[in-house]
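Please read the structure below before turning to the comments.
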Amino acid sequence: MAQSVKGMRDLFGKEMRWFQRIEDTARRAFERHGYQEIRTPILEESEVFHRSVGEGSDIVNKEMYEFTDRGGREVVMRPENTAGVVRAAIQHQFFASSDPRLLYYIGPMFRYERMQAGRYRQFWQIGAETFGVATPDAEVESLVMLHDFLRELGLRQLEFSINSVGTPECRPAFHAAFRAFFESRAEAFCEDCRRRIQINPMRVLDCKNASCQAALEGHPLITDHLDEDSRAHHGRLKLLLDRLGVPYRENPRLVRGLDYYTRTAFEILSSDLGAQSALVGGGRYDGLVKQLGGPDVPGFGWSIGLDRLATVLQQVAGDAPEPEVPLLIPMGPRASERALVLARELWEAGHPVRLETRGLNLKKALATANRQGVRLALLLGEGELDRGVVAAKFLDTGAQEDWPLADLPNRLATGGRGWPQVTSTS
Ligand code: AMP
């Protein structure tokens with residue numbers, strides 16, 4: 001029997017329910033801030049990632065699904081979406097004016113990763129990008145949106161981990177100090193780090209290896225090498241976060257894995273997450289648009305792993321609420337016709353109802369309903385038709401009462417024995 005490809009899974013049931021709730025909440029939260037959704041293709045020309053994510057990164061070095069298509073084009077299944085969004089924004093001339101552009105995306109990403117808990121080869125990200133504004137104020141606007149979105153989903157133990165990685169101008173001084181530090185204990189670092197120090201020294205800070213993290217004790221801090229503007233920028237970011245009561249902690253080792261970040265870098269570690277790594281990562285990438293062939297437009301953005309977020313929410317809040325859908329069970333041909341018309345009226349009025357269309361007898365239809373956890377069955381037989389009612393049967397208690405057909409939408413909206421079920425957790 002065919003199985004899904006390793007590292008790629010089907011989404012259904014409880015997990016899918018959380019995905020839907022997260023996506024709905026995200027759209028509401030982001031559109032409230034004036035962000036607009038963008039969807040870019042899954043396949044991009046390889047160059048988009050080689051020129052942005054960077055040759056020194058794990059993603060480009062070992063994780064991309066990269067191949068030559070039938071037309072001989074070098075393509076990549078996107079490992080992240082920021083580069084694609086920037087490519088699209090340049091292509092469609094979003095930057096023809098200097099006005100800010102606020103965009104968000106939701107979609108699958110692909111990385112050929114080593115398998116471990118919470119890591120997939122197809123995973124989902126939600127992200128937001130703010131183009132055209134270089135101020136810390138824009139960063140805080142975006143971070144507050146992210147914070148409030150996660151709170152709306154029910155996460156409470158949230159803390160931003162922040163750092164400044166400076167600008168390309170102030171980095172050489174830091175690199176020199178850091179290289180000197182590294183050389184003094186090079187043998188304590190892993191082989192990857194000895195390679196990283198040549199290509200991009202900051203990546204050493206990002207190494208997941210515990211012995212490398214220990215060897216970093218007392219390393220020079222990038223925040224001690226910031227130019228004046230970057231220091232002022234970082235100071236205002238912290239002041240605004242304080243002002244808004246957004247909890248954060250400074251982490252001088254936080255650098256993010258990608259080449260295009262400047263100044264602010266951040267992650268969210270949720271203590272709800274336990275030992276798993278970050279839930280969200282992002283930062284400022286003022287050089288990226290230009291690097292991809294566009295004008296010199298600043299950018300700030302982040303992305304959150306939907307798979308990991310769904311896992312956390314399942315742990316913290318249990319099952320996502322299911323919408324209650326009553327089952328309409330007609331008995332006999334005349335009732336079946338009437339039931340279709342009735343269901344249509346309910347659907348048009350926005351009421352959920354599922355229709356039993358197999359022409360089963362009542363006993364069998366109710367057995368299905370019970371198996372599927374239906375709480376309310378609406379029975380429509382000859383007797384009910386003659387009286388102009390449906391028999392509303394509550395399967396959890398066994399209680400039954402007649403509801404006049406004309407009053408059905410109203411009853412479904414407002415009740416009769418605790419119907420409808422409250423479906424919101426927030
Ligand atoms: P990154 O693009 O690497 O900064 O990742 C941003 C977020 O995407 C992470 O914090 C994770 O929540 C999520 N993520 C990254 N890679 C994976 C993966 N292989 N499987 C599941 N989630 C991932």
| query | Which one of these is in the same structural domain as Val140 (by TED's automatic domain parsing) and either in contact with a helix residue (DSSP H, G or I) (Cβ under 6 Å, 6 or more places away or on another chain) or buried (at least 16 other Cβ atoms within 10 Å of the Cβ) (or both): Leu240, Leu216? | reply | Leu240
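When you scan the stretch 63-71, do you find a residue that is among the hydroxyl-bearing types (Ser, Thr, Tyr), at pLDDT below 95 and surrounded by fewer than 19 Cβ atoms within 10 Å (Cβ to Cβ), even just one? Please lay out each step first, then the result.
First, the residues of the stretch 63-71 that are among the hydroxyl-bearing types (Ser, Thr, Tyr): 65, 68.
Now drop any that are not at pLDDT below 95, which leaves none.
Scanning the stretch 63-71, I find no residue that is among the hydroxyl-bearing types (Ser, Thr, Tyr), at pLDDT below 95 and surrounded by fewer than 19 Cβ atoms within 10 Å (Cβ to Cβ), so the answer is no.
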| said: Can you confirm whether Glu80 is closer than 26 Å to Glu152 by Cα and in the same structural domain as Leu288 (by TED's automatic domain parsing)? | reply: yes
| query | Looking only at the stretch 23-48, which residues are surrounded by 16 or more Cβ atoms within 10 Å (Cβ to Cβ) and within 20 Å of Phe94 (Cα to Cα)? | reply | Phe30, His33, Tyr35, Ile38, Thr40, Glu44, Val48
| remark: Residues in the stretch 159-176 that are touching a Leu at 6+ places or on another chain (Cβ under 9 Å) and not in a helix (DSSP H, G or I) total 10
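Quick one: is Ser184 modelled with pLDDT of 90 or more and within 32 Å of the chain's Cα centre (by Cα)?
No, not satisfied.
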| said: Among the residues that make up the stretch 112-119, is at least one of them buried (at least 19 other Cβ atoms within 10 Å of the Cβ), in the same structural domain as Ser97 (by TED's automatic domain parsing) and over 17 Å from Tyr260 (Cβ atoms)? | reply: no
| said: For the stretch 89-111: of the residues being more than 24 Å from Val144 (Cα to Cα) and surrounded by fewer than 20 Cβ atoms within 10 Å (Cβ to Cβ), which is nearest to the chain's Cα centre (by Cα)? | reply: Pro108
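Please work out if Trp302 is out of contact with any Cys (no Cβ under 6 Å at 6 or more places or on another chain) and within 16 Å of the ligand (Cβ to nearest atom). Please lay out each step first, then the result.
Working: out of contact with any Cys (no Cβ under 6 Å at 6 or more places or on another chain): yes; within 16 Å of the ligand (Cβ to nearest atom): yes.
Yes.
Does Thr130 qualify as being closer than 21 Å to Gly299 by Cα, more than 13 Å from the ligand (Cβ to nearest atom) and buried (at least 19 other Cβ atoms within 10 Å of the Cβ)? Outline the logic, then answer.
On the way: closer than 21 Å to Gly299 by Cα: yes; more than 13 Å from the ligand (Cβ to nearest atom): yes; buried (at least 19 other Cβ atoms within 10 Å of the Cβ): yes.
Yes.
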| note | All-but-one check, Arg243 against (1) modelled with pLDDT of 95 or more; (2) within 14 Å of the ligand (Cβ to nearest atom), failing number (2)
| message | If I filter the stretch 311-328 for residues that are at pLDDT 95 or above and of a type in the set (S, T, N, Q), do I get at least one hit? | response | no
| remark: Restricting attention to the stretch 232-263, the residues that are outside any loop (DSSP other than H, G, I, E, B) and touching a residue at least 40 places away in the same chain (Cβ under 8 Å) number exactly 12
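Away from the ligand (no atom under 16 Å from the Cβ), surrounded by 14 or more Cβ atoms within 10 Å (Cβ to Cβ) and assigned to a helix (DSSP H, G or I), is that true of Ala339?
Values: away from the ligand (no atom under 16 Å from the Cβ): yes; surrounded by 14 or more Cβ atoms within 10 Å (Cβ to Cβ): yes; assigned to a helix (DSSP H, G or I): yes.
Yes, satisfied.
Output the residue which, of all residues in the stretch 359-401 that are basic (Lys, Arg) and surrounded by 11 or more Cβ atoms within 10 Å (Cβ to Cβ), is modelled with the lowest pLDDT.
Initial filter on the stretch 359-401 (basic (Lys, Arg)): 363-364, 371, 375, 387, 393.
Among the residues that remain, those that are also surrounded by 11 or more Cβ atoms within 10 Å (Cβ to Cβ) are: 364, 375, 387, 393.
On the way: Lys364: 96, Arg375: 93, Arg387: 96, Lys393: 96.
Top of the filtered list is Arg375.
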| Asn163 fails exactly one of the following numbered conditions: (1) under 28 Å from the mean Cα position of the chain (by Cα); (2) at pLDDT 90 or above; (3) more than 20 Å from Thr262 (Cα to Cα). What is the number of that condition? | (3)
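Does any residue of the stretch 137-144 turn out to be under 30 Å from the mean Cα position of the chain (by Cα), in a helix (DSSP H, G or I), among the small types (Gly, Ala, Ser) and more than 16 Å from the ligand (Cβ to nearest atom)? So that I can check it myself, show each step before the final result.
Restricting attention to the stretch 137-144, the residues satisfying the condition of being under 30 Å from the mean Cα position of the chain (by Cα) are 137-144.
Checking the rest, the ones that are also in a helix (DSSP H, G or I) come to 137-144.
Filter again for among the small types (Gly, Ala, Ser), leaving 138, 142.
This time we only want the ones that are more than 16 Å from the ligand (Cβ to nearest atom), so: 138.
Yes; the residues of the stretch 137-144 include at least one that is under 30 Å from the mean Cα position of the chain (by Cα), in a helix (DSSP H, G or I), among the small types (Gly, Ala, Ser) and more than 16 Å from the ligand (Cβ to nearest atom).
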| Which pairs have Cβ atoms under 8 Å, sit 6 or more apart or on different chains, and link a residue in the stretch 280-301 that is of a type in the set (Val, Ile, Thr) to one that is away from the ligand (no atom under 16 Å from the Cβ) and not in a loop (DSSP other than H, G, I, E, B)? | Val289/Ala89; Val289/Ile90; Val289/Phe131; Val297/Phe131; Val297/Val289; Val297/Lys290
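To keep it simple, each residue is scored yes or no on (1) out of contact with any strand residue (DSSP E or B) (no Cβ under 7 Å at 6 or more places or on another chain); (2) of a type in the set (Val, Ile, Thr).
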| residue | (1), (2) |
| --- | --- |
| Glu31 | yes, no |
| Ser46 | no, no |
| His50 | yes, no |
| Glu63 | yes, no |
| Arg78 | no, no |
| Ile90 | yes, yes |
| Ala117 | yes, no |
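The values are calculated or read from the model by the stated rules, or taken from the named source; none is laboratory data. Keep in mind the model is a prediction, meaning the values are calculated, not measured. Here the Cβ is made from the backbone with ideal geometry for all residues, glycine too, and neighbour counts use every protein chain on show.
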